[in-house]
Structure formats: structure tokens, C-alpha cells
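Peer 1: Attaching a single structure in C-alpha cells format; questions to follow.
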């Protein structure tokens, strides 16, 4: 293949995976040709194979905006004779010139091709410089060092047209100005080359642990399964007596509370004399999505009066 490229003056460029800008001219042509074929097949669904040459003729006869010449001119060195040119020649009474020497014809053709190709390259260079200037205004320079951790923009296996950031990966080597050899530190996958536009720095998050302080207590003082905040010691002393009671009544109530002092402890307790269990049978929790209440229900909620049903049932709000 190298000999073939050299014989035809082809400069082979190696493109970075998932960076189609390297082959911008080819990718642009593929997109244009694909759009033309889709439009053509839609309008000529029954005989598209018979009139396909007309589509190719139309593309070859139109001058390229960047080159300034049509593909036909760059290959054959003259303008293609389409239907309009033939009609024009017939109206103007064009008469073909007498036959010329074949050597002169070939020499003139080669000269025309060289001149056309030189102008096409010059026009293409001007167009590329203009596009580069526009792209540089909306881009910024980015570089990485060997050992840096980066995120890689990879195409999804389910859909090649979508991509997601994966990582972190490690920069193993820098290849040129914009390509990097990226390796995965957690797998044995062979390192791959990625363009700098498919990379971005990876910033690790700092692990923050919040410190919890608990009050030391004697576990023997608390019954198992009971939680107590310990805000008050409780006791008979905290029993509030009404000021409307007489002195004798207040004394009798204090003596009664003192005889049952363990009942006034702030520490929750647990009895073993009676047990209570709630049996819901086979009922399952009813889960409903959130919804907006009606205006009538909102008014009732604000007033604190949910209303009563005729049978005495209060509907929950």
C-alpha cells in the first residue's frame, strides 16, 4: 500500500479513534453523499437504481465551495457538458473545431489539469485557514503530563452516536502535540491513543468524615430497646400542683406521689404484665404518588376542619 500511495502522491494520515476531524474532508463528503442518497431514494423509491447516474452526474458537475472547481473539471480538465450547455450550443449555432494533433491535445490537457489543481489547492488552503481561525476563537489549549489522571470520552456500546465520560485513566505517554497514550490502572486492557479533545482532567473528591461524640452512660441503667435523651431527671419534685388547692390537699397529694415515687421517674420503663400487638392481617401498605389537593381540600386544611361524612367517618387529607 505504501508504494501505491507514493506512486499516486497520496499522503496517508493516521486518524485518532473517535476524532473524525482528522479526516474532515472525507467525513464531510460522506455526510453530503448520505443526505443526497436518502433524499434521492425517497423521491425515486421505485426506479432509484435506474436514475442513480443522474445523481452522480449532478454532484460531479457542481463546483466545490472550497476548491472552486467541480470534481469533473479536476479529473478531465474541462467543464462537463450538461443539458443546458448542449441547448446553449444549439441556440448559438456552435460548430465543432477541426481535429487537432493528439500530442497538442494531451499537452494542453496536462497543463490545464496542473493549473486547475494548483488553484484548487490554493482555494482549499484559504478555506482551511479561515475555518481554523474560527475554531481557534472557540477553543483553548490543553495539555497533560505523564502520570496525570484523566477522564476519557468513549462511545457507548449500545449506541455509537452517544458517548459518556469514563475513568479515571492514567496518561502513559504523550504522542505528538495532541495525542496521548492512555492506560487503565485497574484493568489489563492494552493502552490506546486518544486525542486531547476526548480527555479532561480528573479531580478526586476529598473524603470528609464527620466526628460524632456520644455521652458515656452506664448501659446497666437503661432497659434494652429503650432510648432516652436524658434532658430531665424527673421525680416527685417536678410534679406541678394547682394553686387553687388548699394546704391540706397539697400535702395529701405530695404524700400520695411520694408513696409512688418510682412511677414519676424520667427514665422510661417497660412492664411485663401486659402485651399489645397490632395485627393488620393480609393488608398491604397503600402507596399513592403525590398529587395536588383540590381547592376545597386546601381551604379545609388551612382552617383545620377536614369536614365530617354523614356516617361519621372523617376522610383523611
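The values are calculated or read from the model by the stated rules, or taken from the named source; none is laboratory data. These numbers were taken from a predicted model, which means no experiment stands behind them. With ideal geometry, Cβ positions are generated from the backbone for all residues, glycine too; neighbour counts draw on all protein chains shown.
Peer 1: So which residues in region 297-311 are over 47 Å from the mean Cα position of the chain (by Cα) and at pLDDT 60 or above, if there are any at all?
Peer 2: Correct list: 303, 304, 305.
Peer 1: Another question about this same structure. Every residue in region 170-199 that is over 26 Å from residue 135 (Cβ atoms) and in a strand (DSSP E or B), please.
Peer 2: 170, 172, 173, 183 - these are the residues of region 170-199 that are over 26 Å from residue 135 (Cβ atoms) and in a strand (DSSP E or B).
Peer 1: Looking at 61, 118 in this structure, which one is outside the structural domain of residue 154 (by TED's automatic domain parsing), modelled with pLDDT of 75 or more and over 21 Å from residue 9 (Cβ atoms)? Steps first, answer last, please.
Peer 2: Numbers: 118 fails: over 21 Å from residue 9 (Cβ atoms).
Sole residue among the options that is outside the structural domain of residue 154 (by TED's automatic domain parsing), modelled with pLDDT of 75 or more and over 21 Å from residue 9 (Cβ atoms): 61.
Peer 1: Is it true that some residue in region 29-39 is touching a helix residue (DSSP H, G or I) at 6+ places or on another chain (Cβ under 8 Å), over 30 Å from residue 191 (Cβ atoms), assigned by TED's automatic domain parsing to the domain that holds residue 125 and exposed (fewer than 11 other Cβ atoms within 10 Å of the Cβ)?
Peer 2: Looking through region 29-39, none of the residues is touching a helix residue (DSSP H, G or I) at 6+ places or on another chain (Cβ under 8 Å), over 30 Å from residue 191 (Cβ atoms), assigned by TED's automatic domain parsing to the domain that holds residue 125 and exposed (fewer than 11 other Cβ atoms within 10 Å of the Cβ).
Peer 1: Restricting to helices (runs of 4 or more DSSP H) lying wholly in region 1-77: which have 2 or more residues that are closer than 24 Å to residue 117 by Cβ and more than 40 Å from the chain's Cα centre (by Cα)? Working first, answer last.
Peer 2: Details: elements: 2-7, 24-43, 52-61, 71-76.
Correct list: 2-7, 52-61, 71-76.
Peer 1: Restricting the search to region 187-202, which residues are surrounded by fewer than 10 Cβ atoms within 10 Å (Cβ to Cβ) and either out of contact with any strand residue (DSSP E or B) (no Cβ under 9 Å at 6 or more places or on another chain) or in contact (Cβ under 8 Å) with a residue 12 or more places away in the chain (or both)?
Peer 2: 187, 188
Peer 1: Is one or more of the residues making up region 107-114 in a helix (DSSP H, G or I) and at pLDDT 75 or above?
Peer 2: Checking region 107-114: at least one residue is in a helix (DSSP H, G or I) and at pLDDT 75 or above.
Peer 1: Is it the case that some residue within region 129-139 is farther than 28 Å from residue 55 by Cα, out of contact with any helix residue (DSSP H, G or I) (no Cβ under 8 Å at 6 or more places or on another chain), modelled with pLDDT of 75 or more and assigned to a loop (DSSP other than H, G, I, E, B)?
Peer 2: Yes, that holds for at least one residue.
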